[in-house]
Structure formats: structure tokens, C-alpha cells
Amino acid sequence: MAIVGLSLAAIFALGGSYASAQQQRNQMSFSEDITPIFRGNCVSCHQPGGEGYQASGLDLTSYDGVMKGTKFGPMVVPGKPDLSNLMVLIKGQGQIRMPKGHKPLPEELVDNIWKWIFEGAKNIPRLNRNPAEEASQNREFGFDWGDDSSEFSFS
């Protein structure tokens, strides 16, 4: 009977871990969902040496840079996208709209940033990585491991 009780306890404990992992899979990932948006639309100006960085101090090349904010204050209020200056600027609700001098971000990308901030603006990896998507991102970032897994040996 003790073994059955222990087994049930283990199943419930694993169930809790599974539920937590399942919830994490549905959250936005800074590295996988937000960084590509910033890289494609923002970092040409908002990186050290860039015009936007010089004007504001905002570095969008890293999670720490985003969370540090600008020399004028924070850009992201975790859990509160409507109070986050980043969203105000992206939506053009302030005196300027970002990206400055370019077309507004597509609504889907704006929604992703909003959702990421709403979820707490965390820097967590997504657990449900798609191998094809991962390979595509590796090539995008300059890594090409090839398609033949037999190239790697542990002997």
C-alpha cells in the first residue's frame, strides 16, 4: 500500500510539473518572439552607437538593455503593457512613433510585444521548440549545422 501511495504522490508531483511546463509553452519568449522583432525593426538605431541609443540610452539588443530602459526612465512595466512607454511609442500614442521614420510595426508584432509585457516581460525560453523553426533561426543567426546528423559522432 505504501508503494501505491508513493506512486500516486509521484504522479501528482509530475502532473504539477507538467502543468507548469504546459503553461510556460504558451508564454511569449523574449529570445524567440521579441528579439527578432527588435532585431528586424529597432536595433539599427537602438544599439550602442546608434542614433536612438545616443538620444535615449535605450539598447534593444538584449533583455537587460530593454529592462534597463532609457536615461529618462523604464520602457517596460512588467504585467502592465498599457502603462509601458515602449507600447506608447510603438502605438504612436506619444509625441513620436517608433520605429521613427519607418512604417508602423504590423499589428501582429505589436500584439506579441503587448502579450509579452502582459505576461510579465520575462526572459524565459519557450519549451515547445519546433526543430524546423530552430534550424531556420540557426541559419538566420549564422549557424548552419547541416541536415545530416550522421556528421556528429560520440565514439
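A few remarks follow.
- Output for segment 78-92, where each listed residue is in contact with a helix residue (DSSP H, G or I) (Cβ under 8 Å, 6 or more places away or on another chain) and without any contact (Cβ under 8 Å) to a residue 24 or more places away in the chain: Ile90, Lys91
- Filter result (farther than 17 Å from Asp111 by Cβ and either among the polar types (S, T, N, Q) or in contact (Cβ under 8 Å) with a residue 24 or more places away in the chain (or both)) within segment 57-77: Thr61, Ser62, Tyr63, Val66, Met67, Thr70, Val77
- Of residues in segment 32-56 being in contact with a Phe, Trp or Tyr (Cβ under 8 Å, 6 or more places away or on another chain) and either in a loop (DSSP other than H, G, I, E, B) or touching a residue at least 40 places away in the same chain (Cβ under 8 Å) (or both), the one surrounded by the most Cβ atoms within 10 Å (Cβ to Cβ): His46
- With respect to being surrounded by 14 or more Cβ atoms within 10 Å (Cβ to Cβ) and of a type in the set (D, E, K, R), Lys115 fits the description.
- Number of the condition not met by Val77 [criteria: (1) in contact with a Lys or Arg (Cβ under 7 Å, 6 or more places away or on another chain); (2) at pLDDT 95 or above]: (1)
The values are calculated or read from the model by the stated rules, or taken from the named source; none is laboratory data. Quick caveat: nothing in here was measured; it's all calculated off a predicted structure. Glycine also receives a Cβ, built like all others from the backbone with ideal geometry; neighbour counts cover every protein chain displayed.
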